[in-house]
Amino acid sequence: MSLIYDYSNPTAIHFGKGQIASIIKYLSKDNKILLVYGGGSIKKNGVYDEVLSALEGYDYLEFSGVESNPTYETLSKAVELAKSEKVDFILAVGGGSVIDGSKYIAAASVYDGDAWDFLEGISAPEKALPLGAILTLPATGSESNMNAVVSKKATNEKRFFGSPYVYPKFAVLDPIVMATLSDRQLANGLVDAFVHTCEQYLTCPNTSLLHDGYSETILKGLFALAKDWENRKDIIWQENLMLLANQALNGFIGSGVVQDWATHMIGHELTAFYGVDHAQSLAVVQPQLLRVMIEEKSEKLAQMGENVFGIKDDNEAVIVAIEEMYQSIGVTTNLNDYERVDDKVIEKVIPSLKAHGMTAIGENQNITLEVSEKILRMAMK
Ligand code: NZQ
Ligand code: ZN
């Protein structure tokens, strides 16, 4: 079947050293800007100072403390502030959590009801304040996509929404800011970008040489970075991760092709209940999901084996190669390695998947709750 799709990515990218200063192209002295950031890493690595010096003479206020896996509870305070101060531009400085949280703030600040509605799918944003992003952790692609993932502490939920209104107007990707990232964060970024690409590529065959070739370039690039892990502090290594993670989820490789996303849906529940990092959740779910779906995915697994890992006619070996890649950069593929994971995984996650309508997921909608349970049991070795 030939491809049919609409694609538009309106986010302007400013890549490279010194690009933080370019944010003023998008701001006016009449703007009331809300500068949103996380727990303070930007104050330790000079990013905060650089942003403040770009904002000199502009009218801005700050909202800090957006946590990893940003919560409705925290973001609601920012929404209140944005409304009362009549903020008209949101500037996100951080990783996926801060940028996702800022997307929520941008849409919720011009919404009359309780914006958790967006996460429940009860309503969709019809407008949003303009927002811009300064990325400090390459992983999610949030800096130039239309998705946001928000958690609700009160109910242990992690949900998502997507809206074209929350595409950032611009994204600054300066790899220099990555110098302070820990090994854990670098590894998480690599794994997340790898799984994003797989969710859009490792499904069923398609006719586009461009989509598959592009995805394979991203996968090969990430695999090369994993093999070159010892040089992860090198600016070229870090610059490559920033480029690859951005392209993995800016919408293009997924346009017009069948997508999976079941690993993400199951992984989000693990983070909601156990607080494991987003990428850590993916690394335990994905290999087992691939094993369970090995027949459905056989053609693409074989193609990936040959074009990414140089493995011929052995799809189990491809899955093992993925596991070994994650393990080689310090990310376990065994859920039981996380101490806070108890023996209630199935009884917590399965009803929650059901409540969130995740009863027939994956590219063929055949990952039922029973299949998800099987995958989770296999992930606890
Ligand atoms: O809070 P701060 O101080 O900023 O510290 C953060 C945080 O502790 C720190 N950090 C960020 N940049 C740093 C740094 N530390 C030192 N130096 C720097 N330059 O790193 C920690 C993790 O940050 P976080 O933003 O939580 O990580 P990530 O970028 O992986 O984002 C994860 C969130 O994004 C969602 C995930 O579910 C999760 O909630 N996702 C968003 C997607 C999207 N919008 O398209 C897709 C993804 O699949 C994902 O679901
Ligand atoms: Zn992800």
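The values are calculated or read from the model by the stated rules, or taken from the named source; none is laboratory data. Nothing here was measured: the structure is a model prediction, and the numbers come from that model. Heads up, the Cβs are rebuilt from the backbone with ideal geometry, glycines too, and the neighbour counts pull from every protein chain shown. The accessibility values were calculated without ligands, DNA or RNA, using every heavy atom of the protein model including side chains. Shrake-Rupley method; radii C 1.70, N 1.55, O 1.52, S 1.80 Å.
Based on what the data block shows, is residue 68 among the polar types (S, T, N, Q) and touching a helix residue (DSSP H, G or I) at 6+ places or on another chain (Cβ under 6 Å)? I'd like the intermediate steps shown before the answer.
Values: among the polar types (S, T, N, Q): yes; touching a helix residue (DSSP H, G or I) at 6+ places or on another chain (Cβ under 6 Å): yes.
Judged against the criteria, residue 68 is a match.
Can you pull out the residues in segment 306-319 that are closer than 15 Å to residue 289 by Cα, touching a residue at least 24 places away in the same chain (Cβ under 8 Å) and out of contact with any Leu (no Cβ under 7 Å at 6 or more places or on another chain)?
316
Hey, does segment 322-342 have a residue that's part of a helix (DSSP H, G or I), of a type in the set (A, V, I, L, M, F, W, C) and open to solvent by 20 Å² or more (accessible area, probe 1.4 Å)? Spell out how you get there, then give the answer.
Going residue by residue through segment 322-342, those that are part of a helix (DSSP H, G or I) are 322-328, 335-337.
Remaining after also requiring of a type in the set (A, V, I, L, M, F, W, C): 322, 325, 335.
Cutting the leftovers down to open to solvent by 20 Å² or more (accessible area, probe 1.4 Å) gives us none.
No, every residue in segment 322-342 fails to be part of a helix (DSSP H, G or I), of a type in the set (A, V, I, L, M, F, W, C) and open to solvent by 20 Å² or more (accessible area, probe 1.4 Å).
Residues of segment 343-381 being part of a loop (DSSP other than H, G, I, E, B) and hydrophobic (A, V, I, L, M, F, W, C), which ones?
If the condition is that a residue be part of a loop (DSSP other than H, G, I, E, B) and hydrophobic (A, V, I, L, M, F, W, C), then 358, 360, 380 are the ones that fit.
Of all residues in segment 3-28, which are touching a Phe, Trp or Tyr at 6+ places or on another chain (Cβ under 9 Å) and in a strand (DSSP E or B)?
Of everything in segment 3-28, those that are touching a Phe, Trp or Tyr at 6+ places or on another chain (Cβ under 9 Å) and in a strand (DSSP E or B) turn out to be 12, 13, 14.
Taking the condition surrounded by fewer than 24 Cβ atoms within 10 Å (Cβ to Cβ), more than 26 Å from residue 182 (Cβ to Cβ) and within 16 Å of ligand 1 (Cβ to nearest atom), does residue 83 pass?
Spelling it out, it is not the case that residue 83 is surrounded by fewer than 24 Cβ atoms within 10 Å (Cβ to Cβ), more than 26 Å from residue 182 (Cβ to Cβ) and within 16 Å of ligand 1 (Cβ to nearest atom).
Can you tell me which of 346, 266 is of a type in the set (Val, Ile, Thr), open to solvent by less than 60 Å² (accessible area, probe 1.4 Å) and closer than 21 Å to residue 68 by Cα?
Answer to the check: 266.
Please determine, by comparing only the residues of segment 269-312 that are part of a loop (DSSP other than H, G, I, E, B) and open to solvent by less than 10 Å² (accessible area, probe 1.4 Å), which one is farthest from residue 156 (Cα to Cα).
The residue in question is 297.
Here's a check for you: in segment 100-126, which residue that is of a type in the set (D, E, K, R), surrounded by fewer than 24 Cβ atoms within 10 Å (Cβ to Cβ) and not in a loop (DSSP other than H, G, I, E, B) is farthest from ligand 1 (Cβ to nearest atom)?
Looking at residues that are of a type in the set (D, E, K, R), surrounded by fewer than 24 Cβ atoms within 10 Å (Cβ to Cβ) and not in a loop (DSSP other than H, G, I, E, B), I get 117.
Condition check: within 30 Å of residue 353 (Cα to Cα), assigned to a helix (DSSP H, G or I), within 16 Å of ligand 2 (Cβ to nearest atom) and in contact (Cβ under 8 Å) with a residue 40 or more places away in the chain. Does residue 97 satisfy that?
Working: within 30 Å of residue 353 (Cα to Cα): yes; assigned to a helix (DSSP H, G or I): yes; within 16 Å of ligand 2 (Cβ to nearest atom): yes; in contact (Cβ under 8 Å) with a residue 40 or more places away in the chain: yes.
Criteria met by residue 97.
Matching residues to (1) within 16 Å of ligand 2 (Cβ to nearest atom); (2) within 30 Å of residue 257 (Cα to Cα):
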residue: 5; (1), (2): no, yes
residue: 8; (1), (2): no, yes
residue: 23; (1), (2): no, no
residue: 46; (1), (2): no, no
residue: 61; (1), (2): no, no
residue: 69; (1), (2): yes, yes
residue: 90; (1), (2): no, no
residue: 113; (1), (2): no, no
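Could you check, for segment 163-175, whether at least one of its residues is under 19 Å from the mean Cα position of the chain (by Cα) and within 16 Å of ligand 2 (Cβ to nearest atom)?
The answer is no, given that none of the residues of segment 163-175 is under 19 Å from the mean Cα position of the chain (by Cα) and within 16 Å of ligand 2 (Cβ to nearest atom).
How many residues does segment 29-45 contain that are within 10 Å of ligand 1 (Cβ to nearest atom), surrounded by 14 or more Cβ atoms within 10 Å (Cβ to Cβ) and part of a loop (DSSP other than H, G, I, E, B)? Working first, answer last.
Filtering segment 29-45 for residues within 10 Å of ligand 1 (Cβ to nearest atom) gives 37-45.
Next cut, surrounded by 14 or more Cβ atoms within 10 Å (Cβ to Cβ) only: 37-39, 41-42, 45.
The next check asks that each one be part of a loop (DSSP other than H, G, I, E, B); those that pass are 38-39, 45.
Total satisfying the criteria: 3.
Which ones in segment 127-144 are in contact with a strand residue (DSSP E or B) (Cβ under 6 Å, 6 or more places away or on another chain) and open to solvent by 10 Å² or more (accessible area, probe 1.4 Å)?
129, 130, 136, listed by residue number.
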